[in-house]
1. I'd like to check one number: the per residue accessible area of the chain, probe 1.4 Å, reported in Å² as a whole number.
2. Around Gly97, under 14 Å between beta carbons, what's the net of Lys plus Arg minus Asp minus Glu among the other residues?
3. Might you report the magnitude of the Cβ-based charge dipole of the chain about its Cα centre, with Lys and Arg at +1 and Asp and Glu at -1, to the nearest 20 debye?
4. Taking Cα pairs under 8 Å and at least six residues apart, what relative contact order does the chain come out at, in percent?
5. What is the distance, in nm, between label points placed 7 Å from the Cα along the Cα-to-Cβ direction at Glu209 and at Thr404?
6. Are there GluC sites (Glu not before Pro) in the range 333-383 that DSSP puts in a loop and that have at most 16 other Cβ atoms within 10 Å, and which ones?
7. Probe radius 1.4 Å, ligands and nucleic acids ignored: give me the carbon and sulfur share of the accessible area of the chain as a rounded percent.
8. Non-local amide H neighbours of Val329 (under 5 Å, H modeled in plane, Pro and chain starts lacking H): which ones?
Amino acid sequence: MTLSPSATINGSSSLATRQIHAGRGGSADSPTQATLPVPIYQSSAFEFPDHASAAAMFAQTQPGFTYSRTGNPTVAVLEARSADLEGGIAGLALGSGQSAVAAALLALVSTGPGKHLVVSEKIYGGTVDLLGDTLADLGVTVTYVDPTDASQWAAAVTDQTRGFFLESIGNPLSTLADLDAIAEVAHEAGVPVVVDNTLATPVLYRPIEHGADIVVHSATKYFGGHGTALAGVIVDAGRFDWEARPERWPQFTSPRERWGHQSLVDKCRGGSPFLHLCRAKFVHDLGLTLSPFNASQIIQGMETLDLRVRRHSDSAARIARFLDGHPAVRRVHHPVVESSVDHRIAERDYPSGTGAVFAFELNCDPERVPEFVDSLRLFKLVANIGDVRSLVAHPAAMTHCRLTEEQRLAAGITWETLRLSIGLEAAEDLIADLQSSLDELQRTSPASARTSDVESAQEARA
Ligand SMILES: *Cc1c(COP(=O)(O)O)cnc(C)c1O
């Protein structure tokens, strides 16, 4: 089945239209001609029309669905739609965001001697675990650098470097990256840039337009948007030239028996050798598969992506400003706060806002943090983000609890740091919830501590 998005999109360049129609063919796509929402093809495997087709599909000389571990018609709509919204040439969906990050990085470092990555120091904890443990066991080394300072990325490159990795908006501190400058450094060094665009989504930021070669998502978060299903996506911009330095990339440029004694670049001319490797090797061999049911949950969520993300992001900016003015708050990590280092990048690259996941530090006795968290009513204590419901997490006791205090502080996370994921409830109600808990904290703090804390809060903001 070939998907022809352009037919149903009728030339629209608007994300609001494309998020609903991209990745679907016309009615010819659907055997019953009546399935307007994307049907769930709840099938493990597909019948071949005849022996010759089966043989050709297994030899990978003819495209088609054989077995749902490596491809399924429902999942294929999510793949095409993600590629469309990100402006890439093709997409691959996987069982989780974690598997998307893992497969994308394995594709760069699993073959050949070069096993070094340059990585932003402000990234999701699960990716830190992957890099520091599983990939480290496989001989991968990492240099962590500041995502706002391209000169650090240039200084970290060695002849073993095979990729750059960063998050457009970092989780949990809402750190932004100077991707245009970093991509220039990467391309000068002859390596691709992989960007995790989970927190921004293509509604707020399209990394490929800023030089990214590969984009990954935890579709679990804003794509799905309702906290019901895990999924991940990889999109290839289709621009990185593996043949410019063929000796660096034997996985793409050397003939392999597995690919019919061809190299992947020869086999996939006009397509994506990168995603072919991820699908036909990593998803196939390691079973990183997305179920069609979960794909359908994510597809349904994506139909309202633009509406939801704008509302999430506007509410988050309002709430960040409110927190920034409260005496029981020491610091707000959100790019709207003018003293934030990310303010300049936000003004330049994020005209529609910087998303709804950010952190702030309470200005209180450390022992009172748990009581504050438990006193919130609308904010649910949950280790997730990107839900319609507002969520709070305490990184030092939850997602970052295995870091040493030194590592945690180096990542910018104190014991008093709380992460919020702003949902779609009325912003006034969310502010009222935070305000009553903050006022209570302020009212019951010892007067002496309070004065000095207010002073230090003012200092911190100055
Ligand atoms: C959640 C998350 C992931 C991991 O995705 P899962 O779907 O939970 O496996 C990766 N990157 C970022 C930025 C995330 O927030």
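The values are calculated or read from the model by the stated rules, or taken from the named source; none is laboratory data. Small disclaimer: the values here were computed from a predicted structure and weren't measured. Neighbour counts run over all protein chains shown; Cβ positions are idealised from the backbone, glycine included. We work out accessible area using only protein heavy atoms, side chains counted, and drop any ligands, DNA or RNA first. Shrake-Rupley method; radii C 1.70, N 1.55, O 1.52, S 1.80 Å.
1. About 42 Å² of surface per residue is accessible.
2. Residues close to Gly97 contribute a combined charge of -2.
3. Computed charge dipole of the chain: roughly 1000 debye.
4. 16 percent
5. 4.4 nm
6. Details: sites: Glu338, Glu347, Glu361, Glu367, Glu371; in loops: Glu338.
Here the sparse-neighbourhood loop sites are Glu338.
7. Ligands and nucleic acids excluded, carbon and sulfur reach 52 percent.
8. For Val329, whose amide H was placed from the backbone, the distant partners under 5 Å are Asn363.
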